[in-house]
């Protein structure tokens, strides 16, 4: 079921801001409250808004569920590689990436990279769950 023109237009206007805010939280999550999980949820909400406003049939032509599954698997592998990278440097789960100047985006070593990977994994995971729960509920 497609929503009204007002809802669809508003959703198109709000979603880019949600994606931008999600990216901001992913990058600056170690400097302020927030991080990968919160950013991933906001990212998924922006896509869910578009899916809800425009209907599954219209949006599935542009966004396929398999893309989200691939992103989730790739980010999971990336997290495993990043975390296990400490083994190569002899420091289990230690922040082995050089930490820059305090207060800058990449001052947290691998924590911002970890936040980005977790954010994308959580966002893709929420989308896979959303597709699974709504697969048979719409008939538009």
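Points to keep in mind about this one:
- Only one entry of 43, 51 meets the criterion of being assigned to a helix (DSSP H, G or I), buried (at least 17 other Cβ atoms within 10 Å of the Cβ), at pLDDT below 85 and out of contact with any strand residue (DSSP E or B) (no Cβ under 7 Å at 6 or more places or on another chain), and that entry is 51.
- Within segment 70-93, residues that are over 16 Å from residue 116 (Cα atoms) reach partners that are modelled with pLDDT under 80 and exposed (fewer than 12 other Cβ atoms within 10 Å of the Cβ) with beta carbons closer than 8 Å, at six or more positions or on different chains, in the pairs 86/92; 86/93.
- Residue in segment 78-85 that is crowded, with 16+ Cβ neighbours inside 10 Å, closer than 25 Å to residue 8 by Cα, under 16 Å from the mean Cα position of the chain (by Cα) and modelled with pLDDT of 85 or more present: no
The values are calculated or read from the model by the stated rules, or taken from the named source; none is laboratory data. As the structure is a prediction and not an experimental result, all values here were calculated from the model. FYI the Cβ positions are ideal-geometry reconstructions off the backbone, even for glycines, and counts take in every protein chain you see.
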